[in-house]
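In what follows, a structure is listed as structure tokens, so that the remarks can point back to it.
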Amino acid sequence: MSLQTRLMTAVIGFVSLILIIVAVITSATLGSTLERQLDEKVESYAAGITKQLVQQVPAERATVDNILKGGNPQIPGLLFAVASPVTGATGIAFDNSNGDLGGTSQALTADQLHELISALGSGTPATVSLAGLGSYRVVANPASTGVVVVTGLPRDEIQNQLTQLLTVIALATIGGLILLALTTAITIRVSLRPLRAVAMTATRVANQQLDRGEVTITERVPASEADPRTETGIVGASLNKLLDHVNTSLASRQKNEERMRRFVADASHELRTPLASIRGYSELSLRALRQSNAQAERPEVIEGTTSSLERIQAQSLRMTRLVEDLLLLARLDEGQELVYGTVDLTQLALEGLSDARPTAADHHWNIDVPDEPVTIVGDAGRMHQVVANLLANARTHTPAGTTVTLSVAQEGEDAVLRVHDDGPGIDPAIRDELFARFARGDSSRARQTGGTGLGLAIAKAIVEGHHGFITVTSEPGDTTFTVRIPRNPAAADDDTAEA
């Protein structure tokens, strides 16, 4: 249940309870007042009838018929009864519309008279319900002739007024609650609008890509919804402060990353020249030593020098590859180095496998490509490097006799390239860091050659530069690297923007 619904339920429930209590108190007070007024009217009528009619008739003739011969009281709804020790009890009830005796009155039966007399006290008004007649407010007064005069009026008017009052209260309550519900809903909605603005701002920020590239969070809660003088506005103002702080932190991170990229790029550029010199001089020295090897008087010295120079040359080549890889990663991080065109992944796979076979004749190499070319829009040279790095990774980290299968397929709007091997698998402990720079595998897949440890990191950076992604699944005997790249990079950009 939403906060708005809970607040409305609480307000309407509380107001409804108050209105019910007010209605009960009002109806009880009005009923008591009307009954008191009716009692006063009954007592007034009783005194008048007793004085003007009853006391004019002796007790031995004191019946209702004889008494009313002296005059008609003309009181609508009057209940009139006389109890005489000589003639007994007689009574009559007039119609509520008028007080005439002509066909509009009803004589009380013996049961009704008994019920009436037994319910009366001494001069105190009482409520009596008579079968067939309804409820009356009656009073008994003794006359000077020795008879008891019972006078009453119906309570219908009280019931009618109470019913009308309750009807009016019910209609007013319903109308008031409807108006209250609308007013409360509007008030709560307006009051909670800053919270909705906070939620929408947080959602938009959450949908931004903050993990790469230059990031600036421009989303803010509008100033009208971030008034710190209100309880809900404080939340928006606090979120804006938080986003300002995050933006500052991201800018600082971006500067540090930019500084690091420049350092790597500058260091790579600076190292390339001396490395090239080392390699050139080592090659020149080796060539000279080999040419003079036959004429040397101390061949063992020349042989040792040759071995040392060969090691220098090998290490300089490895350092050159490392520098080149670091420089490539720095350029890829900056969004550079990709030259787009139409790339046939099928042809790249065939060429990559042809290059890999001679380097590891002790492996079994298979390829699975469709008859029709699978093309993407990308950088052919860099995608060839992805294929070469994945195949080199499979060759380097699997034992002799391993079967490596390279496959290309089109799945929906994506081009998919997979490299599968049935080697020992990847240790789960290092699987999450497999694409990190300078990642090291376990002993079963440890580096056996002079690789730089950047092959998978470069492959990942190139694939992501093509709006794709690379994943790995591995268990003993079943390891698969999967590269998935959208064939239409413009559609991929649109999907990213919508997300």
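What to note about this one:
- Region 376-435 and region 215-262 have their alpha-carbon centroids 41 Å apart.
- From most to least packed by mean Cβ count within 10 Å, the peptides 392-405, 352-365, 168-181 give 392-405, 352-365, 168-181.
- Listed from fewest to most Cβ neighbours within 10 Å, the set TYR136, TYR281, TYR45 follows the order TYR281, TYR45, TYR136.
- For ASP414, residues with placed amide H under 5 Å, excluding near neighbours: ARG487
- Relative contact order, whole percent, for region 3-163 stands at 23, derived from Cα pairs under 8 Å and 6 or more residues apart.
- In summary, region 135-282 shows an alpha-carbon radius of gyration equal to 2.81 times the 2.2 N^0.38 Å reference for compact globular proteins.
- By other beta-carbon atoms within 10 Å, ranking ILE12, ILE25 with the fewest at the front produces ILE25, ILE12.
- Centre separation in Å (Cα based) which lies between region 15-49 and region 184-213: 57
- Charged side chains reduced to their Cβ positions (Lys and Arg at +1, Asp and Glu at -1) give region 3-163 a dipole of some 320 debye around its Cα centre.
- Using θ = phi - 60° in the Karplus curve 6.51 cos²θ - 1.76 cosθ + 1.60, the 3J(HN,Hα) couplings for region 401-414 round to x, 6, 9, 10, 10, 9, 9, 10, 8, 10, 10, x, 8, 10 Hz; x is entered for Gly and Pro.
- Which of SER354, GLY401, ALA380, positive extreme of dipole for region 316-445 (C-beta unit charges): GLY401
Rule-based calculations on the coordinates, nothing more; no lab input. All figures in this text were calculated on a predicted structure; none of them were measured in a lab. Heads up, the Cβs are rebuilt from the backbone with ideal geometry, glycines too, and the neighbour counts pull from every protein chain shown.
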